[in-house]
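Derivation of every value follows stated rules applied to the coordinates shown; laboratory data play no part. From a predicted model like this one, the values you see are computed outputs, not experimental measurements. Here the Cβ positions follow ideal geometry from the backbone for every residue, glycine too, while neighbour counts run over all protein chains shown.
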């Protein structure tokens with residue numbers, strides 16, 4: 001964060017106090033959104049947000065900024081559609097420009113089986129409030145003239161779905177908007193402050209140890225990405241989470257406007273154009289569990305091979321930069337939100353490769369849970385105890401990556 | 001990233017399949033809770049760990065590998 005940005009956004013950094021009502025570990029989108037909604041919706045401002053680096057330096061700054069709700073199960077469609085709606089009104093609510101740009105998401109299929117799944121998804125989406133239409137190859141060609149419908153002869157485009165309200169927003173601005181909204185209402189956002197331990201007494205949280213001293217609190221929310229298990233290990237909680245790296249890259253700028261976000265389900269890649277005109281691409285998460293931020297040339301090779309098969313114009317572009325984030329992958333590819341067996345300790349995790357789009361709804365719902373003590377209906381299906389109750393929400397096919 | 005297969009030598013990670021070794025903590029005694037832990041819960045170690053890998057596009061054998069998840 002530099003002086004130019006600080007002059008545009010009213011960020012008021014606080015000093016660590018000895019006690020808070022609520023401590024949020026993780027100063028990314030989800031942590032700051034929770035603090036923002038606690039302050040704006042529930043008047044709870046005695047809140048600290050701990051951030052090990054600078055705000056938005058984790059996965060909030062490493063994603064591909066796609067906002068969509070075309071999920072495959074009712075609980076997810078409802079939740080992500082609510083998040084999409086909150087993103088649409090965030091600029092009006094905060095009077096800050098997050099560069100929200102509605103583009104539509106085109107999701108292509110190359111097999112008959114994939115097409116049947118996609119038709120079911122379109123029906124499911126409309127039934128639960130997300131605007132998704134089944135489209136033919138001719139309609140795809142009209143939406144994105146650059147698509148090679150023969151898929152290089154190997155992956156013919158047989159059809160797909162078009163999710164009308166799919167959008168992108170500037171990730172940093174989303175983080176700063178929530179940070180500013182929380183800070184001006186009195187929330188302390190503490191950068192370069194690492195949570196080193198969580199104190200419990202009789203199964204109840206009593207405080208958080210940081211490298212700047214102890215904070216007494218009754219409520220702790222873990223909103224970290226990648227390092228969730230590092231935090232839950234502090235309270236001896238077992239989590240169904242494994243950490244995997246996810247990579248992405250951008251090219252130099254493409255001279256024409258490339259409007260929708262284009263993804264291929266079977267090839268597992270997605271392409272969109274950034275506000276600068278760069279083409280942004282991502283693909284699957286790395287197979288090996290790892291906390292490493294290392295970017296690899298293997299990824300560039302496999303992802304570009306897939307993307308140029310369907311969008312041949314990309315082969316004329318040059319790769320400018322690449323980056324890696326580390327994701328919390330849950331066994332059913334759905335997030336884990338809410339209360340845990342440790343009283344006063346809550347989690348917002350399992351965001352895997354689908355966390356950015358959920359920032360507003362995740363923050364709003366967690367804030368309501370913290371403020372009222374009751375789990376809102378919208379996130380009740382995503383509780384941690386769904387695994388032992390055998391109520392898993394398997395939706396890996398909607399992640400866009402595998 | 002390369003992994004060293006005991007039969008085939010150092011090969012690209014793309015040739016392998018990851019296999020998890022469930023590590024249910026001894027502190028869990030209830031049999032049902034142990035089953036839940038075995039199926040869903042992960043140890044997710046941050047550091048050196050022993051894993052099972054299958055060499056899909058090579059010798060097609062399982063082997064154990066010591067690896068640092070921070071690298």
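Data overview
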quantity	calculated
Cα-based helix-to-principal-axis angle, B:31-40 vs chain B, degrees rounded to 10	30 degrees
Region A:175-253: C-alpha pair distances exceeding 16 Å, %	65 percent
P(r) tail fraction, region A:12-129 - alpha-carbon pairs more than 17 Å apart, %	69 percent
Bins of 10 Å from zero: percent of alpha-carbon pairs in region A:228-303	16, 35, 27, 16, 5, 0
Overall Cα dimensions of region A:57-198 - principal axes, largest extent first, Å	55, 34, 32
Gain upon complete extension [residue A:149, residue A:192; 0.36 nm per residue less C-alpha separation]	10.5 nm
Distant alpha-carbon pairs in region A:118-276 (separation over 28 angstrom), percent	51 percent
Globularity ratio of region A:337-393, using Cα Rg and 2.2 N^0.38 Å	1.09
D_trans [Stokes-Einstein, Kirkwood Rh over alpha-carbon pairs] for region A:271-368, 4 °C, 1.567 mPa s, µm² s⁻¹	80 µm²/s
Chain A - percent relative contact order, Cα under 8 Å, separation 6 or more	23 percent
Region A:131-201: radius of gyration over Cα atoms, expressed as a fraction of 2.2 N^0.38 Å	2.07
Two-decimal Rg to Rh for region A:201-327 - Kirkwood Rh, Cα set	1.15
Expected 222 nm ellipticity per residue - DSSP helices of 4 or more, -39500 (n - 2.57), all of the protein assembly as shown, to 500	-8000 deg cm²/dmol
Zero-based 5 Å bins, Cα pair distances in region A:308-352, whole percents	5, 16, 12, 13, 11, 11, 11, 7, 5, 5, 3, 0
Highest-fluctuation residue, A:114, A:153, A:325 considered, GNM on chain A with Cα pairs under 10 Å	A:153
A:319, B:48, A:73 arranged by Cβ crowding within 10 Å, fewest neighbours leading	B:48, A:319, A:73
Helix A:171-183 vs. chain A, principal-axis angle (Cα, 0 to 90°, nearest 10)	20 degrees
Rg/Rh for region A:218-261, where both radii come from Cα atoms and Rh is the Kirkwood radius	1.29
Rg in Å to one decimal, and Dmax rounded to a whole Å, for region A:84-152 via C-alpha atoms	15.8, 46
Antiparallel DSSP beta bridges within the protein assembly as shown, as percent of all bridges there, nearest 5	75 percent
All-pairs alpha carbon distance profile, chain B, 5 Å steps from 0, percent	3, 15, 23, 18, 15, 13, 7, 5, 1
In range of the label at residue A:202: residues from region A:337-367 whose backbone nitrogen is under 15 Å from the point 7 Å along Cα→Cβ	A:343-344
Cα-based convex hull volume of the protein assembly as shown per residue, rounded to whole Å³	150 Å³
Inter-centroid distance (Cα atoms) of region A:205-221 relative to region A:276-290, Å	35 Å
